[in-house]
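What follows is calculated from the coordinates using simple rules that are stated; it is not laboratory data. Predicted model, so just to flag it, every value in this text is computed and none were measured. Note that we place each Cβ from the backbone using ideal geometry, even for glycine, and neighbour counts take in every protein chain shown.
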Amino acid sequence: MSSLHTAGRGMYAGFVPGFVVISGSMFAGKSEELIRRLKRWKRTDLGVITFKPVLDTRSENITSRNGCSLEAIEVHASAQMIEFVKETDKIIGVDEIHFFDPDLPKVLLELVRMGKLVIAAGLSTDFNGEPFENTMRAMALATEVTIEFAVCDICQSQYAVRSQLLVPSSSRILVGDKDEYSPRCIECFEPPSQTPT
Ligand SMILES: [Zn+2]
C-alpha cells in the first residue's frame, strides 16, 4: 500500500458512510442523477456495486432516459443485496426502490451500519399521488434527500412532482414511458381516484 493511501489521502478522500435518497416523479432525472453520482465514485479505488429490482423491464442495466447507463445486478428480494456486497464494496447504488419489497428500507439501513454509502433512487408517489411506502420510509431514514423535478407537460412548470397516468390501469407498478405517463406539477395533476368516470 502506498504512503499516500496510509496517510489517509487519496483512496478514502471524501468517503463518508451514509444514506442518500434521490426522489421525484417520472421523467425527473432520478436515474440520471444516481448514475452521475455512482460514476464519480467509480473513478476512485472504492468498490461500487449497483442493484435494481427484477421487475423493471427497461434493461438489465440502470438506464436513464437521456441514454446514460450503468451495469446493475438484478435482485428479486431486497435481502439478496447483502449477499452480493463484498467488504471492498463501499458504495451501494440502488435504483427503483419503490418497486422492492417492504424490507428495503431496513436492508439499506443495515448496509449503512456496515459502513457503506448507500445511494438509492425511487419514485416519490404513485399515479394517485399517494407516497410509495419504501421511498417515504427511506427518505425519513436518509442522511441526505434530493428531490429531482420534471417539467410539467401542461403548464411547463419546472416543479413537476407527480406522474399522471395516461392509460387505464389500476396497477401501482405499471412500468411505462411517455405513452403511459406524463409529468405534472401539483396544480395540473389529476388523481384518477378523484376524477369522476
Ligand atoms: Zn402544471
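If the label point is 7 Å along Cα→Cβ of VAL16, which residues in the range 134-155 have backbone nitrogen under 16 Å from it? Counting backbone N atoms under 16 Å from the label point, the list is 142-146.
Within the range 43-149, antiparallel bridges make up roughly 25 percent of the DSSP beta bridges whose residues both belong there. I need to check one value: relative contact order of the chain, counting alpha carbon pairs closer than 8 Å and at least 6 residues apart, in percent. So the answer I get is 26 percent.
Annotation: lysines with alpha-carbon distance below 22 angstrom to LYS116 (same-chain offsets under eight excluded): LYS30, LYS39, LYS42, LYS52, LYS86, LYS90, LYS106. Positive contributions from Lys and Arg (+1) and negative ones from Asp and Glu (-1), summed over other residues with Cβ under 14 Å from the Cβ of LYS90, come out at +4. Restricting the count to DSSP beta bridges whose residues both fall in the chain, what percent are antiparallel, rounded to a multiple of 5? Rounded to the nearest five, the antiparallel share is 25 percent.
For MET26, MET139, the sequence from fewest to most other C-beta atoms within 10 Å is MET139, MET26.
Annotation: amide H-H contacts under 5 Å for GLY93 (H modelled 1.01 Å from N, sequence separation of 5 or more, or interchain): ILE49, THR50, PHE51, ILE119. For the range 28-95, rounded, prolate or oblate, judged on the Cα gyration tensor with a ≥ b ≥ c (square roots of eigenvalues), a/c < 1.5 rounded, else prolate if a/b > b/c? Judged from the Cα gyration tensor, the range 28-95 comes out oblate (a/c at least 1.5, b/c at or above a/b).
Mind ordering 15-21, 27-33, 181-187, 164-170 by average Cβ neighbours within 10 Å, highest first? Walk me through the numbers before you get to the answer.
Values: 15-21: 17.6, 27-33: 21.9, 181-187: 19.3, 164-170: 13.7.
Per-residue Cβ counts within 10 Å, averaged per peptide and sorted highest first, yield 27-33, 181-187, 15-21, 164-170.
How long is the gain from THR44 to ASP179 if the chain were fully straight, where each residue apart is worth 0.36 nm and the alpha carbon distance is subtracted? Result for the pair: 44.7 nm of gain on full extension. For the chain, the mean residue ellipticity at 222 nm estimated from helices alone is -5500 deg cm²/dmol, where every DSSP H run of n ≥ 4 contributes -39500 (n - 2.57) and the total is divided by all residues, rounded to the nearest 500. Here the residues LEU174, LEU108, LEU141, ranked from fewest to most Cβ neighbours within 10 Å of their Cβ, fall in the order LEU174, LEU141, LEU108.
A straight chain from LYS86 to ASN128 at 0.36 nm per residue would run longer than the Cα-Cα distance by 11.2 nm. Quick check on the range 15-150: take the gyration tensor over C-alpha atoms, sort the square-rooted eigenvalues as a ≥ b ≥ c, and tell me if it's rounded (a/c under 1.5), prolate or oblate. It comes out rounded by the Cα gyration axes.
Net length available on complete extension from ALA77 to SER170 is 31.1 nm, with 0.36 nm assigned per residue and the Cα-Cα distance removed.
Springs join every pair of Cα atoms under 10 Å in this Gaussian network model of the chain, and among GLU110, GLU180, GLU87 the largest mean-square fluctuation is at GLU87. For the range 87-103, backbone phi angles converted through the Karplus equation (6.51, -1.76, 1.60; θ = phi - 60°) give residue-by-residue couplings of 3, 6, 7, 9, 10, 10, x, 9, 9, 6, 5, 5, 7, 7, 5, x, 6 Hz, Gly and Pro being listed as x.
Separation of the range 37-107 and the range 122-143, taken as the distance between their Cα centroids, equals 17 angstrom.
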